[in-house]
1. Given the conditions (1) aromatic (F, W, Y); (2) assigned to a loop (DSSP other than H, G, I, E, B); (3) under 17 Å from the mean Cα position of the chain (by Cα), and given that W259 satisfies all but one, which numbered condition is not satisfied?
2. Do we have N330 as at pLDDT 95 or above, under 25 Å from L70 (Cβ atoms) and among the polar types (S, T, N, Q) here?
3. In the range 48-61, which residue that is touching an Asp or Glu at 6+ places or on another chain (Cβ under 9 Å) and crowded, with 16+ Cβ neighbours inside 10 Å is farthest from Y8 (Cα to Cα)?
4. Condition test on A237, is it in a loop (DSSP other than H, G, I, E, B), modelled with pLDDT of 95 or more and touching a strand residue (DSSP E or B) at 6+ places or on another chain (Cβ under 8 Å)?
5. Listed residues P149, P102; which is modelled with pLDDT under 95 and surrounded by 11 or more Cβ atoms within 10 Å (Cβ to Cβ)?
6. Given S42, S119, which one is among the polar types (S, T, N, Q), touching an Asp or Glu at 6+ places or on another chain (Cβ under 7 Å) and not in a loop (DSSP other than H, G, I, E, B)?
7. Which numbered condition trips up P64, out of (1) within 22 Å of I167 (Cβ to Cβ); (2) surrounded by 13 or more Cβ atoms within 10 Å (Cβ to Cβ); (3) at pLDDT 95 or above?
8. Name, by its number, the condition in (1) closer than 24 Å to N245 by Cβ; (2) assigned to a loop (DSSP other than H, G, I, E, B) that does not hold for V286.
Amino acid sequence: MPADSALYSQGGGLDFDSTIVHSSNKPRLPEGMVWIPGGEFSMGGVNPAGMQDGGKEQMQDARPVHRVYLDGFMMDATEVTNAQFAEFVNATGYITVAEKQPSADEFPGAPKENLVAGSVVFSPPASNVELNDRYQWWNYVKGANWRHPEGPGSSIDQRGSYPVVHIAWEDAAEYARWAGKRLPTEAEWEYAARAGKAGSLYAWGNQFKPDGKWMANTYQGKFPVQDVAADGFRGLAPVKQFPANNFGLYDMAGNVWEWCSDWYRPDYYQELNDRGIANNPHGPLVPWDPAEPKERKKVQRGGSFLCTDQYCTRYMVGTRGKGEWRSGANHLGFRCVKDLPSSIAMNK
């Protein structure tokens with residue numbers, strides 16, 4: 001058995017059973033959406049530590065691998081773009097969390113002069129740093145928001161096809177509601193990303209660079225000080241720059257993290273596993289992150305342009321991310337899903 005295959009099996013790869021994708025007639029799809037047929041799959045991820053391109057994180061919250069059944073649904077082929085979000089804002093006058101002044105109730109004890117609208121921006125340090133403190137490369141930038149991704153002076157002019165960023169969970173949920181859609185559950189997101197492949201490490205297969213080809217917008221170079229852009233992009237990329245998966249979905253790895261509807265708990269997969277086959281799970285009722293127990297976090301999926309095996313390999317399809325639900329950053333966006341009309345679903 002090849003070394004990588006042995007490591008994969010030891011990491012839990014044998015826990016994945018075959019994916020069952022139900023045959024169904026494709027419904028009439030809204031523009032920009034693809035059909036995700038219902039089915040049953042093994043959800044979760046292996047321990048990638050020690051594998052080629054696997055990184056050092058064991059990803060304990062991605063296990064145990066468990067079986068999930070899902071009904072079919074429609075999903076945006078791409079992450080929501082600046083142009084699409086601008087259409088929503090122009091129609092509704094919506095103001096995002098990052099554009100509003102934080103309240104003293106949200107941040108008790110914070111100096112009044114620090115309660116200024118803004119968001120978190122990746123800011124590479126001037127020299128090499130130890131990777132034990134993420135605050136060395138993240139800064140809260142006053143005036144940073146979806147219109148000004150890097151802060152005052154930056155804009156989204158000529159970036160209509162780029163994913164919208166600096167989006168808090170409630171911003172994403174409001175856009176989805178306006179569009180007649182919703183945010184995907186974590187289970188729906190992973191099933192769609194796997195696209196019928198059982199237990200693959202990535203949305204496209206088991207090799208990070210098949211035949212030497214870059215498949216996602218991730219970080220190359222010395223993290224966090226030098227992105228050499230070997231994949232063609234330094235920082236964020238427009239959507240559809242890399243091949244779609246077997247369901248026709250783009251950028252299910254890298255580029256920007258994507259919000260899911262579920263609250264985050266590291267122990268939730270054990271609860272699902274105890275059910276046998278979880279039927280259309282919608283996440284836990286109460287969030288909990290033992291690392292920051294006072295913060296209310298939602299699940300994020302897919303990784304971003306900052307993911308690298310030097311620090312974070314969460315572009316691997318079974319891995320999980322998390323984020324405080326009222327916070328955004330310049331590597332965080334979303335995509336939406338839509339249910340079948342009830343009249344069609346009842347006649348299936």
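The values are calculated or read from the model by the stated rules, or taken from the named source; none is laboratory data. All values reported here derive from a predicted model rather than from experimental measurement. Virtual Cβ from ideal backbone geometry, glycine too; neighbours counted across all protein chains shown.
1. (2)
2. Values: at pLDDT 95 or above: yes; under 25 Å from L70 (Cβ atoms): no; among the polar types (S, T, N, Q): yes.
The answer is no for N330.
3. In this case the residue turns out to be D61.
4. Values: in a loop (DSSP other than H, G, I, E, B): yes; modelled with pLDDT of 95 or more: yes; touching a strand residue (DSSP E or B) at 6+ places or on another chain (Cβ under 8 Å): yes.
Criteria met by A237.
5. Working: P149 fails: modelled with pLDDT under 95.
Just a single option satisfies the conditions, and that option is P102.
6. Values: S119 fails: touching an Asp or Glu at 6+ places or on another chain (Cβ under 7 Å).
It is S42.
7. Exception for P64: condition (1).
8. So V286 meets the others, but not (1).
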